[in-house]
Amino acid sequence: MTKRLFFIVFIAFAILNIATASDVTIDKENCTITKDGKTYYLYGKVKIVDSFEDIKVKIVDAFEDADIKIVDAFENSCGKVKIVEHFEDVKVKIVDSFEDIKIKIVDAFEGIKE
């Protein structure tokens, strides 16, 4: 009986995740990500949060969607991000799975992958 209950809960959770899955698109020309009809730039000021995020990000070493360079100033071009606590452009949650975008932290050649 326990296995059957576990299976039912697992299927219900899977269906819930599929039903609540968000539509995410990445626009390379404009350096943006669109999630649930809202568009965010992939540069600028970013606040890292644990909840109420705008987008979910998974940090990877390979097969990334975008290369991100963390900077202290001049975060006004594609792939350049400044980490802030206040007055952010976008709130990001770092996750291990179910991400909206995969990024790689780099020192040079930042931007969106082909």
Residue by residue through the stretch 46-63, note down the ones that are more than 11 Å from the chain's Cα centre (by Cα) and in a loop (DSSP other than H, G, I, E, B).
-> Val49, Asp50, Ser51, Phe52, Val60, Asp61, Ala62, Phe63
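Might you check whether a residue that is crowded, with 16+ Cβ neighbours inside 10 Å, closer than 18 Å to Asp107 by Cβ, touching a residue at least 40 places away in the same chain (Cβ under 8 Å) and of a type in the set (Val, Ile, Thr) occurs anywhere in the stretch 69-88? Spell out how you get there, then give the answer.
Narrowing the stretch 69-88 to residues crowded, with 16+ Cβ neighbours inside 10 Å: 69, 71, 75, 78-82, 88.
From what is left, the residues that are closer than 18 Å to Asp107 by Cβ are 69, 71, 75, 78-82.
Checking which are touching a residue at least 40 places away in the same chain (Cβ under 8 Å) leaves us with 69, 78-79.
Now drop any that are not of a type in the set (Val, Ile, Thr), which leaves none.
The answer is no, given that none of the residues of the stretch 69-88 is crowded, with 16+ Cβ neighbours inside 10 Å, closer than 18 Å to Asp107 by Cβ, touching a residue at least 40 places away in the same chain (Cβ under 8 Å) and of a type in the set (Val, Ile, Thr).
Does Phe98 count as closer than 22 Å to Asp23 by Cα and touching a residue at least 12 places away in the same chain (Cβ under 8 Å)?
Values: closer than 22 Å to Asp23 by Cα: yes; touching a residue at least 12 places away in the same chain (Cβ under 8 Å): yes.
So Phe98 fits the description; yes.
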Residues that are surrounded by 10 or more Cβ atoms within 10 Å (Cβ to Cβ), among the charged types (D, E, K, R) and part of a loop (DSSP other than H, G, I, E, B), drawn from the stretch 89-114 | Asp89, Glu99, Asp100, Glu110, Lys113
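Read-outs: derived from the displayed coordinates by stated rules, not from any lab. Just so it is clear, the model here is predicted, and its values are computed rather than measured. Methodologically, a virtual Cβ is constructed for each residue, glycine included, from the backbone with ideal geometry; neighbour enumeration extends over all protein chains shown.
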